[in-house]
Amino acid sequence: MKAFRGQPTIFAAAQPDNRRAELTVEALSLQFGGLVALQNINLNVKTGELLAIIGPNGAGKTSLLNCMTGYYHPQQGRITFNGEAITGLHPHKITERGIGRTFQNIELFPGASVIANLLLARHIHCHYSVGLAALFWPSVKREEVRHRRVVEEIIDFLEIQSIRKKPVGSLPYGLRKRVDLGRALALEPKLLVLDEPFAGMTLEEKEDIVRFLVELNEAWGQTMILVEHDMSVVMSISQRIIVLDFGKKISEGSPEVVQNHPEVIKAYLGDSG
Amino acid sequence: MRKLKFRPCGNFKERYEQDIAIFETDFGRVWVWVGLVLLLSSVPFIAGSYTLYIINSIGIAAIAAIGLNILIGYTGQISLGHAAFFGVGAYAAAILATKMGFPFWLSVLAAGGIAALVGMIFGIPSVRLKHLYLCIATLAGQFIIEYVLMNWEGLTNGPAGIILPRATLFGLDISGDQSFFWVVFVCLALMCWMAVNLIRSRYGRAFIAIRDNDLAAEGMGIPIFRYKLLSFGISSFYAGFAGGLWAYYTTSITPEPFTIFLSIQYIAMIIIGGLASIPGSVFGAIFIIILNETLSRITEYIMNTGILSGIALTVAPLREFVFGLAIVLFLIFEPRGLAEVWRVVRSSFRLWPFSY
Ligand SMILES: Nc1ncnc2c1ncn2[C@@H]1O[C@H](COP(=O)(O)OP(=O)(O)O)[C@@H](O)[C@H]1O
Ligand SMILES: [Mg+2]
């Protein structure tokens with residue numbers, strides 16, 4: 001029985017207007033001491049798009065995401081989201097503005113249950129005050145129930161009903177990655193940023209995640225940036241790909257264009273060879 | 001009327017409201033109400049004045065301990081200055097009552113508010129400092145406040161202290177052990193309930209997130225610094241409120257009790273009672289106050305017994321020793337505290353007689 005499958009209200013209710021997710025990155029550079037992690041990166045994301053950022057290990061993909069989400073402060077460059085400059089804002093401010101992310105090495109709360117982890121991500125959508133919370137006022141209760149329902153929809157969507165009460169720390173790696181994705185979805189982000197969501201997964205687990213991502217993007221219009229170092233999965237699902245190597249953008253375009261770009265081939269062969 | 005559920009044999013919840021309720025079964029809720037009514041209606045009549053004094057001290061300490069547990073147990077911010085905030089509350093109540101003529105209820109509430117403000121100010125270092133460093137910063141806060149209470153004679157009257165007027169509520173004298181018992185325990189019950197509510201709301205979730213992984217908490221849109229300060233504020237409100245009650249209860253206050261040793265006692269209460277557990281804070285307060293009282297009676301007894309007075313000097317530090325020993329033993333054998341012991345006992349009772 002799938003009560004919500006096919007129509008999660010958080011996506012259905014969203015007006016096209018508040019799903020707008022236009023991100024631009026201009027001339028972004030980031031150094032760690034002498035190490036240049038990112039050099040003059042330019043890119044943009046349009047509403048409804050699934051953009052992939054690929055590159056060998058150490059290319060600077062995570063650093064780029066960390067700049068976009070406020071964890072790193074770039075020395076040069078500008079990042080704007082829906083027309084507003086977000087460079088140097090605190091991560092929580094950026095989350096409030098509608099960019100939700102997952103982490104490469106899963107930053108869940110291991111002691112808490114799946115439900116508790118997802119509920120936490122509803123924080124920015126809870127609006128009651130401390131005073132009312134202390135009294136557990138009926139309006140607080142109503143709001144909590146509503147968030148609980150949203151969380152259940154996400155649990156349903158990701159097909160993790162059977163583990164909803166389990167502590168996240170006890171789950172196998174693949175499921176934890178899925179919960180991590182669920183938590184980012186619970187933020188109801190306009191732009192969803194995923195850092196290597198397939199890393200360390202078995203083929204079947206990868207297929208599941210791909211299915212969810214494609215459905216999110218195509219059926220629900222979720223704008224996404226997908227970072228991955230393995231080219232193969234990305235080629236089949238993304239509309240546009242950006243390739244990073246040693247902190248520089250070496251190629252951008254449709255999967256076919258990127259795949260045949262000589263520098264990309266060199267970067268990847270160099271990586272594996 | 002809805003059917004009451006007493007012994008669930010499975011998970012039959014049908015509504016999300018049931019899942020966020022405090023008590024899983026009506027059994028729990030009914031017992032808590034019955035317990036409260038029994039406590040409030042019998043204890044003041046059967047307990048003698050000395051016992052009542054101990055019980056009231058436990059109630060007051062429990063309120064402060066709940067506050068500290070919100071800060072340390074749930075938010076993960078260690079504070080060694082809780083006794084100082086308790087002291088700030090006691091002095092605030094005393095000063096408001098004597099100099100500005102505030103009534104009992106208002107000065108106790110204001111004491112909480114003032115302590116909350118002071119607590120938030122001393123919580124500011126938590127923006128940069130964590131763990132041991134924050135510990136040291138709050139220790140500095142403890143000493144600064146102690147110093148101010150002792151030396152700002154114009155306000156606090158220095159070592160001479162302040163004598164409070166009798167506590168009255170709705171025109172009734174409530175300063176006796178018996179009537180103060182009702183005041184303390186009604187306050188304790190309310191503040192327990194409010195703490196539980198806070199913890200199951202977005203605030204509690206944010207506190208726990210900050211404790212467990214502040215990086216991810218920020219990614220979830222939680223402004224960490226603001227929530228740390230909020231936690232300091234709530235925690236010190238509890239301390240200040242308890243301090244205000246205590247000031248009225250003892251009727252005269254001096255700066256002596258609000259020392260680092262009292263701060264450590266509060267920490268001991270929540271470790272022994274159970275970190276991140278509201279009932280645990282109450283259990284811890286019961287344990288520590290009774291332990292404290294027993295130990296000082298024993299030392300007193302030894303001191304006064306002719307034959308034993310020779311060894312009295314050597315047993316005087318016994319109190320501190322047993323105290324430290326209790327903490328260490330709990331940390332080793334039951335790090336989740338009395339709350340966990342209680343949970344185990346309760347669940348074996350709940351399943352009885354079908355224990356498998
Ligand atoms: N916090 C940091 N401090 C110092 N160097 C860093 C830090 N984060 C990343 N780097 C360096 O920046 C480069 C890019 O790293 P990263 O963005 O993690 O690459 P990718 O995600 O593409 O594998 C690496 O050389 C890495 O060592
Ligand atoms: Mg990376």
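The values are calculated or read from the model by the stated rules, or taken from the named source; none is laboratory data. Because the structure is a prediction, the values reported are computed rather than measured. FYI the Cβ positions are ideal-geometry reconstructions off the backbone, even for glycines, and counts take in every protein chain you see. Keep in mind that these areas ignore ligands, DNA and RNA; they rest on the heavy atoms of the full protein, side chains included. Shrake-Rupley method; radii C 1.70, N 1.55, O 1.52, S 1.80 Å.
Quick look at the values:
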quantity	calculated
Karplus (6.51, -1.76, 1.60) ³J(HN,Hα), θ = phi - 60°, over segment A:188-193, in Hz, Gly and Pro reported as x	6, x, 6, 10, 9, 10
Separation of the A:Asn105 and B:Val43 label points, Cα + 7 Å toward Cβ, nm	4.9
Cut-off 20 Å (backbone N to label point 7 Å along Cα→Cβ of B:Tyr133), residues of segment B:64-96	B:72, B:75-81
Relative contact order of segment A:2-269, defined on C-alpha pairs under 8 angstrom at six or more residues apart (%)	28
Nonlocal Lys pairs with alpha-carbon distance under 18 Å, segment A:2-269 (8 or more apart, or different chains)	10
Computed Rg/Rh of segment B:136-252, alpha carbon atoms with Kirkwood Rh	1.09
Pairwise label distance in nanometres, B:Leu331 with A:Lys46, each label 7 Å out on the Cα-Cβ vector	6.1
Estimated distance in nm for a label pair at A:Gln161 and B:Glu300, the labels positioned 7 Å out from Cα along Cα-to-Cβ	6.4
Residue list for segment B:61-82, given a label point 7 angstrom along the Cα-to-Cβ vector of A:Val130 and an amide N cut-off under 19 Å	B:63-82
Cα long-axis angle, helix A:203-214 against chain A (0 to 90 degrees, to the nearest 10)	80
Under 17 Å from the B:Leu117 label point (7 Å along Cα→beta-carbon), backbone N, segment B:60-85	B:85
Area accessible to solvent at A:Leu203, 1.4 Å probe radius, in Å²	120
Area accessible to solvent at A:His73, 1.4 Å probe radius, in Å²	100
Length added when fully stretched, B:Glu320-B:Asn151, from 0.36 nm per residue minus Cα-Cα	58.1 nm
Radius of gyration, Dmax [the protein assembly as shown; alpha carbons; angstrom]	28.9, 99
Prolate/oblate/rounded label for chain B (Cα gyration tensor, a/c 1.5)	rounded
Anisotropy class of segment B:150-211 from Cα gyration tensor, a/c 1.5 cut	oblate
Under-5 Å amide H pairs with A:Gly77, H placed in peptide plane, nonlocal only	A:Ser29
Approximate shape of segment A:2-269 as ellipsoid semi-axes (Cα gyration tensor, √5λ), whole Å, largest first	32, 21, 17
Normalised contact order of chain B, rounded percent, pairs of Cα under 8 Å and 6 or more residues apart	28
R0 of 35 Å, Cβ-Cβ distance A:Val36-B:Ala140: FRET efficiency to nearest 0.05	0.25
